[in-house]
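Here the structure is laid out as structure tokens; the discussion comes afterwards.
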Amino acid sequence: MTYRGLLCDLDGVVYRGATACDGAVEGLAAARAAGVPVLFLTNNAARLPGEVAEHLESLGVEAHADEVLNSSQVAASYLRQHHPVPEGQFALPVGGPGVAAALDEQGIPVVEPGDVLRRGGSAIVAAVVQGYGAAVGWAQLAEATYAVAAGARWVATNTDATLPTERGQAPGNGSLVAAVAHATGRQPDLVTGKPHAPAFEIALQRLGLPAADVLMIGDRLDTDIEGAKRVGLGTALVLTGVHGRTDVDRAPEAQQPDLIADTIPGLAEHWNDGA
Ligand SMILES: [Mg+2]
């Protein structure tokens with residue numbers, strides 16, 4: 001099988017914190033030199049695509065903002081395509097600046113949490129888009145709760161319970177989503193990040209390639225591999241991140257990758273053929 005495009009996870013595949021993963025710089029440079037398009041797909045909803053691209057460049061990986069797809073952008077694209085916000089209503093972003101920026105980029109009218117009351121109350125909110133943001137506090141969660149309770153469509157960028165930090169596990173977006181769920185008795189109508197299908201659907205649109213022609217490179221079996229496999233992409237596990245060979249041995253069939261390599265260059269024969 002020769003793949004024509006690559007979907008690449010970031011954390012544990014391209015970098016770990018401030019350093020590049022083994023092989024990532026050379027492996028991605030070789031793919032680019034071979035003319036294989038690469039799209040970086042991340043569940044991080046808070047960072048702007050331009051910031052991610054700058055981070056990648058600082059590690060020596062060539063990257064442009066339009067080659068980064070975060071879960072806020074997936075949420076915004078998916079909303080626009082499948083559940084457009086009706087005239088006179090708005091989407092309410094709850095999260096870091098990446099959430100509102102992604103909605104803006106798709107031309108979706110946005111009402112900031114602090115403006116809802118002044119502009120008519122929760123009835124003007126057609127959709128709540130909730131992604132991680134370090135500054136999210138009670139006031140924003142309260143606006144989300146009012147709108148969700150009033151029937152707004154509720155989209156979460158991901159439901160990861162925890163967020164790894166230098167000091168240990170901190171509450172992730174899933175824990176903030178759980179606060180709204182606990183208060184309303186509802187669950188999100190849609191989750192957009194990996195392993196959920198919208199992430200891959202929007203990524204394939206961006207690449208302009210059918211699923212079978214694209215290889216997902218990831219470090220987690222339960223998100224990158226399982227999600228990509230379910231929608232028909234090729235899958236490769238690299239061993240620079242969370243999961244290793246013993247995890248593969250223990251994993252169910254739905255999480256078995258097509259390919260396993262220590263580092264990205266170990267996969268190059270699967271896209272360089274005929275390039
Ligand atoms: Mg990862």
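Restricting attention to the stretch 14-28, and to residues there that are small (G, A, S) and in contact with a helix residue (DSSP H, G or I) (Cβ under 7 Å, 6 or more places away or on another chain), which single residue is surrounded by the fewest Cβ atoms within 10 Å (Cβ to Cβ)?
From the stretch 14-28, those small (G, A, S) are 17-18, 20, 23-24, 27; that's our starting set.
Those left that are additionally in contact with a helix residue (DSSP H, G or I) (Cβ under 7 Å, 6 or more places away or on another chain): 23-24, 27.
Details: G23: 21, A24: 26, G27: 26.
Ranking the qualifying residues of the stretch 14-28, first place goes to G23.
So which of V111, V85 is β-branched (V, I, T), without any contact (Cβ under 8 Å) to a residue 24 or more places away in the chain, crowded, with 19+ Cβ neighbours inside 10 Å and not assigned by TED's automatic domain parsing to the domain that holds P265?
Numbers: V85 fails: without any contact (Cβ under 8 Å) to a residue 24 or more places away in the chain.
Being β-branched (V, I, T), without any contact (Cβ under 8 Å) to a residue 24 or more places away in the chain, crowded, with 19+ Cβ neighbours inside 10 Å and not assigned by TED's automatic domain parsing to the domain that holds P265 holds for just one of V111, V85, which is V111.
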Next item on the list: Return yes when P171 is farther than 28 Å from A147 by Cβ and more than 16 Å from the ligand (Cβ to nearest atom) and no when it is not.
Entry: no
Note to self: Tally up the residues in the stretch 223-262 that are touching a strand residue (DSSP E or B) at 6+ places or on another chain (Cβ under 6 Å), farther than 22 Å from N158 by Cα and of a type in the set (V, I, T), please.
What the structure shows: 2
Checklist line | Residue among V242, V214 that alone is under 19 Å from the mean Cα position of the chain (by Cα) and either closer than 30 Å to V125 by Cβ or within 16 Å of the ligand (Cβ to nearest atom) (or both) | finding: V242
Next item on the list: Having 2 or more residues that are of a type outside the set (V, I, T) and within 16 Å of the ligand (Cβ to nearest atom) is the bar; report the helices (runs of 4 or more DSSP H) wholly within the stretch 1-101 that clear it.
Entry: 24-33, 49-58
Note to self: Checking the structure you have, find out if any residue of the stretch 241-253 is over 18 Å from V38 (Cα atoms), at pLDDT below 95 and assigned to a loop (DSSP other than H, G, I, E, B).
What the structure shows: yes
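Residue-wise test of (1) free of Cβ contacts under 8 Å to residues at least 60 places away in the same chain; (2) buried (at least 24 other Cβ atoms within 10 Å of the Cβ); (3) not assigned by TED's automatic domain parsing to the domain that holds P93.
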residue	(1), (2), (3)
A161	yes, no, no
R167	yes, no, no
R186	yes, no, no
F200	no, yes, yes
R206	no, no, yes
Checklist line | Search result, residues across the stretch 105-114 that are in contact with a Phe, Trp or Tyr (Cβ under 9 Å, 6 or more places away or on another chain) and not in a strand (DSSP E or B) | finding: I108, P109, V111
Notebook entry, point to check: Just for the stretch 218-239: of the residues that are β-branched (V, I, T) and within 11 Å of the ligand (Cβ to nearest atom), which one is nearest to V25 (Cα to Cα)?
Noted result: V238
Next item on the list: Could you pull out the residue among A65, A31, A76 that is surrounded by fewer than 23 Cβ atoms within 10 Å (Cβ to Cβ), at negative phi and small (G, A, S)?
Entry: A65
Note to self: Among the listed residues R47, R4, identify the single one that is buried (at least 17 other Cβ atoms within 10 Å of the Cβ) and within 19 Å of the chain's Cα centre (by Cα).
What the structure shows: R47
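Is one or more of the residues making up the stretch 242-249 touching a residue at least 40 places away in the same chain (Cβ under 8 Å), under 13 Å from R220 (Cα atoms) and in the same structural domain as R220 (by TED's automatic domain parsing)? I'd like the intermediate steps shown before the answer.
Applying the first criterion (touching a residue at least 40 places away in the same chain (Cβ under 8 Å)) to the stretch 242-249 yields 242.
Within this subset, residues satisfying the condition of being under 13 Å from R220 (Cα atoms) are 242.
Then drop every residue that is not in the same structural domain as R220 (by TED's automatic domain parsing), which leaves 242.
Yes, the stretch 242-249 contains a residue that is touching a residue at least 40 places away in the same chain (Cβ under 8 Å), under 13 Å from R220 (Cα atoms) and in the same structural domain as R220 (by TED's automatic domain parsing).
The values are calculated or read from the model by the stated rules, or taken from the named source; none is laboratory data. Here the structure is a predicted model, which means the values were calculated and not measured. Cβ atoms come from the backbone with ideal geometry, glycine included; neighbour counts cover every protein chain shown.
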